[in-house]
1. Within the stretch 341-355, can you find the residues that are open to solvent by 50 Å² or more (accessible area, probe 1.4 Å) and of a type in the set (Ser, Thr, Tyr)?
2. Answer yes if at least one residue in the stretch 286-301 is under 21 Å from the mean Cα position of the chain (by Cα) and within 23 Å of residue 442 (Cβ to Cβ), and no otherwise.
3. Collect the residues in the stretch 329-374 that are free of Cβ contacts under 8 Å to residues at least 60 places away in the same chain, touching a helix residue (DSSP H, G or I) at 6+ places or on another chain (Cβ under 6 Å) and hydrophobic (A, V, I, L, M, F, W, C), keeping them in residue-number order.
4. Being open to solvent by less than 40 Å² (accessible area, probe 1.4 Å), small (Gly, Ala, Ser), within 25 Å of residue 421 (Cα to Cα) and not in a loop (DSSP other than H, G, I, E, B) is the requirement here; does residue 379 meet it?
5. Within the stretch 17-100, which strands (runs of 3 or more DSSP E) (wholly inside it) include 2 or more residues that are closer than 29 Å to residue 258 by Cβ?
6. Condition first: among the aromatic types (Phe, Trp, Tyr) and open to solvent by 20 Å² or more (accessible area, probe 1.4 Å). Can you find one or more residues in the stretch 430-441 that meet it?
7. Where in the stretch 188-276 are the helices (runs of 4 or more DSSP H), entirely inside, with at least 2 residues that are of a type in the set (Gly, Ala, Ser)?
8. Of everything in the stretch 240-283, what is touching a Gly at 6+ places or on another chain (Cβ under 8 Å), hydrophobic (A, V, I, L, M, F, W, C) and closer than 16 Å to residue 316 by Cα? Give them in sequence order.
Amino acid sequence: MTSAIVLSAAPARAQDAKSTLVVAGPRTPESLDQEYPPTEAVHEMRRNVYERLISYAPKVADDGVTYEDFGRIVGALSEKWEVSPDKKSITFYLRKGVKSAAGNELNADTIMWSFERGWNLKSNFHWYMTQILKIPSFESAFSKVDDYTVKVSIPNPSPLLERLWVNSDLGILDSAEVKKHVTADDPWAQRWLATNSASFGPYYVVKYSPGQEVVYEANASYYRGAPKLKRVIFREMPTSANRVAALQAGSVDVAEYLLPRELALLEKSPAVKVHKVFGNYIHRVEMNNTTAPFTDVRVRKALNYLVPRDDILKAVYFNTARPTKSPISEIYPGFTDQYFTYDTDVEKAKALLTEAGLPNGFKTELGYRTGDQLEEEMAVILKSAFAKAGVDITLSKLPASTLVERYTKGSIPMYFFRDMAIVPDAAYVANLWLNSASLINYSRFKSEEVDNLINGALTSTDESKRLEDMKRVQQIMVEAAPWVFLANPGYQLATKPNVKGYSWYTPNGNAWFDISKE
């Protein structure tokens, strides 16, 4: 009898192993609420939990990786949609029979409540609606047409009216479930959604232990079909070396955000598969353009001529990165590198500093995040490189929260910054980082011409003019050099060889629905 039990249990255990994915990453999501400011961990959670109205069609590239096809939009929660000829309204026709993990059906009331919550919390959703679509009030924009149809109307034409809804920042909540947790002093259930999920995506969270572990369970009612992976266990392992060791020991299936030198070693192991894409990350040093001497464009240019980019790409990134030559991601329409002229030229840098009245250089501070080995390595290289022109850099290793606070307030002159723009549109990217009105233009770069070009491109439907205007924005920005241009570091993932279905999306998080185990 005992042996029979053992024999019958073995296939079940094998099946459990095949349908469970264990992931090691640097940190758990800081919150499960999609209105929380996005971080890398939060972006990944959103991709798997919060389903959107529409999405980009998948396409498999020559490298075998599934990417988003930026030229083709397909339905998600919305079965079909219509954009008005004047690009001033979009109508969504919802799929019928779509169920959340809690068993509640998607309808227009659910959509409208999600919109209303996002608008009233004045965070992510509100930013997209007001800054990109220029919506002045909730009542003027959002309307329920019938039980399965909603309409969004905007005051000006927008070339992004359709594409914007692909963002995982704009997921739809299961309002029937969320409303159970609304209270008089918390009308939008912020406390509950910070630690619980309720949506129509492929997964929902069954365990949330910040700083330790997140457990995702498959939504068997997911509209695209039940996910192949029934459970995903995400474990926080802050140290990259520990994630490597766990992968090599077989205790995890996936290791995220490993160092390039670790990936180079793992590539030689038959027990590990390393996936690489160049993606849309940009890693740079931002200078506070309102703090002397960085108020002088000649100083900013000089630092760019001092950067040993080839050394950084080889010694820090082990050739997994490309040099940054524009503020626009190189994989996005409208990118150009034709205006980038910064090679490594110490004499030119010295001449520029002399012209700026700083023939002997100057002293300043460069901040980077504690625990970020890549930034520490680059900081050491830059300190040595800048010293060749007399620029004396004090390196400040700061907790991430402290660094963010300092560059947000403008109290640090130079700091490392890594980010990606998740909408593949040059005007969207430029608006995010270069518009003087943007809340995340931390370098405080300001150009009236750039502002006018960006604002025009956000409402123009003349695509050829938009692209020309964005080329001009790139020219002005590269010549103004508000950043020290460094590298586009790409996105890499290390897995066991039996993990299949790797895909890449603009927020750089992994999509568990695409993945299976052999």
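The values are calculated or read from the model by the stated rules, or taken from the named source; none is laboratory data. Source: prediction; values computed, not measured. All Cβ positions, glycine included, derive from the backbone under ideal geometry; neighbour counts span all protein chains shown. For accessibility, only protein heavy atoms count, side chains too; no ligands or nucleic acids. Shrake-Rupley method; radii C 1.70, N 1.55, O 1.52, S 1.80 Å.
1. Hits for the stretch 341-355 are 341, 344, 354.
2. yes
3. 349, 352, 353, listed by residue number.
4. Taking the combined requirement at face value, the residue satisfies it.
5. 20-25, 54-60, 66-75
6. Scanning the stretch 430-441, I find no residue that is among the aromatic types (Phe, Trp, Tyr) and open to solvent by 20 Å² or more (accessible area, probe 1.4 Å), so the answer is no.
7. Fully inside the stretch 188-276 and qualifying: 240-249.
8. 278
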